[in-house]
Amino acid sequence: MSAAVCGKRLPPFEDVHGSPPIVAKRLRYTSSLSPSDNLSRLIALFPAMDPQLVESVFESCDENMDHAIKSLSNLCLNPFEKNIFTADDGLVHSDAQPVQVPGSTQSTDADSSNLEFAQLDGKSGCPADGVEWVEFLVIEMKNASDLDDARSRASRILEAFEKTVMSRSGAMAEVLYKENTSLKEQVQNLLHENNILKRAVAIQHERQLEQEEKSKEVQQLRQLVTQYQEQVRTLELNNYALKLHLRKAEEGSSMPGRFHPDIF
């Protein structure tokens, strides 16, 4: 992406990394000033830049005005940055992103990302389902500044996802273990009750068989009683007929009162 510098155009063969003439003139009067005054002058020289960024660059250059101005000029004229600053008109493009410099404190996205991952590790803002995990991944990839940052964010997301799955699977395994233990106890109780019921059914079956056998014996005894009653009746009839014959025989006998020894 080519750098478009608003304001004055640079000569074709001018070193873009050198200090501007106006800045070089101003530099001559800053050698005897205090660091706070030099910082104020730097902020005034680069009004389009963030004062905190100017201060961090000034501190990283050991409060050397010459080095600080060169570093800030390089940041303004760097063709690989989206943000273009000029000391003359102070124009800033709207699609600017923070510039990484030694000792700077502009990593707000990284801090917010670290805070989000710390919340994930603390399980305070952990996504509840797959849709939320996808949304979280998309947001993190969108906020990534470069490929390495995207890889780092993806790695941390995978670690957080793995920890979440492991913790939830561990809790689920514990719940399933308790349910399995409870079900085993219920099965043992049911088996014990089933054995008791089997014994009761077997005893009842034996008693029923005994009762059926007794019923059969009673029925047979009743049939025998009926047969014996008929035999008794038959014998009684025969005895009565014999008595009648005996009387007739006595009436026709010449010696009444004398019975045959075989007749009672």
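The values are calculated or read from the model by the stated rules, or taken from the named source; none is laboratory data. It should be emphasised that the depicted structure is a prediction, and the values quoted were computed from it without experimental measurement. Every residue, glycine among them, receives a Cβ derived from its backbone with ideal geometry; neighbour counts consider all protein chains shown.
Here are some notes:
- So Lys178, is it at pLDDT below 95, within 60 Å of the chain's Cα centre (by Cα) and part of a helix (DSSP H, G or I): yes
- Put simply, of Thr164, Thr234 the only residue that is among the β-branched types (Val, Ile, Thr) and under 30 Å from Glu132 (Cα atoms) is Thr164.
- Any hit, segment 32-50, residues being closer than 12 Å to Leu72 by Cα, touching a helix residue (DSSP H, G or I) at 6+ places or on another chain (Cβ under 7 Å) and modelled with pLDDT under 80: no
- Every condition in (1) under 18 Å from the mean Cα position of the chain (by Cα); (2) surrounded by 11 or more Cβ atoms within 10 Å (Cβ to Cβ) holds for Ala128 except the one numbered (2).
- Scanning segment 140-169 for residues that are farther than 18 Å from Pro127 by Cβ and surrounded by 10 or more Cβ atoms within 10 Å (Cβ to Cβ) yields Ala144, Ser145, Asp149, Ala150, Arg151, Ser152.
- Listed by first and then second residue, the pairs linking a residue in segment 127-143 that is under 15 Å from Leu158 (Cβ atoms) to a residue that is polar (S, T, N, Q), with Cβ atoms under 8 Å apart and 6 or more places separating them unless they lie on different chains, are Pro127/Thr164; Glu140/Ser113.
- Verdict on Ser56 being within 28 Å of Lys142 (Cα to Cα) and modelled with pLDDT of 80 or more: yes
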